[in-house]
Amino acid sequence: MRRTVLLASFLAPLVAAAADEVALDPATGMKMAPDWEIVRNHCVICHSPQTFLQQRGTESTWTDVVAWMQRHGGLWKLDPAVEKTIIGYLAANYGPGDHFRRAPIPPSLMPPNPYATEARLEAEAKQREGKIPAAPPAPGK
């Protein structure tokens, strides 16, 4: 009886930790938590998911990253609700932990992106051709 109680007290934290674990998407390695597909659809279009999966940040940090990409990286202006969803997912699933990689580089120290202009022109051309919708589809359609 004593062994059973001892074993149960040892295994309880392990079982609880396993229940808290979120499955990973086999194609991207992203945590398949709520809204992960929205993040995948907007972020993996331009770069590997490893670019953000290896980072950690607070909501403020991820907001700054998105703003920097919009100013310097060719990222289009996101619908406010979509932007909030992306930042919320990243902060909840890739927030600071015990092993924060490093302090984020201040935007003023980031190098210019030589591809920003070409990427923006390409995205605008695709939008004019109808390959990228000008606005997100209405809910329920």
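Read-outs: derived from the displayed coordinates by stated rules, not from any lab. Predicted, not measured: the structure shown is a model, and the values here were computed from it. Glycine also receives a Cβ, built like all others from the backbone with ideal geometry; neighbour counts cover every protein chain displayed.
The table below gives the values:
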quantity	calculated
Within-14-Å neighbourhood charge of H42 [Cβ basis; K, R +1; D, E -1]	-1
Cross-link partners of K126 among aspartates and glutamates (Cα-Cα below 13 Å; sequence separation of 8 or more within a chain)	E118
Sequence-distant aspartates and glutamates (8 or more away, or on other chains) whose Cα lies within less than 13 Å of K131	E122
Relative contact order, percent, the stretch 30-128 [alpha-carbon distance under 8 Å, six or more residues apart]	37
Taking all pairs of distinct alpha-carbon atoms in the stretch 30-128, Kirkwood radius in angstrom	14.3
Proximal charge balance of K31 [Cβ under 10 Å; K/R count +1, D/E count -1]	-2
Per-residue Cβ neighbour rank within 10 angstrom, fewest leading, W68, W76, W62	W76, W68, W62
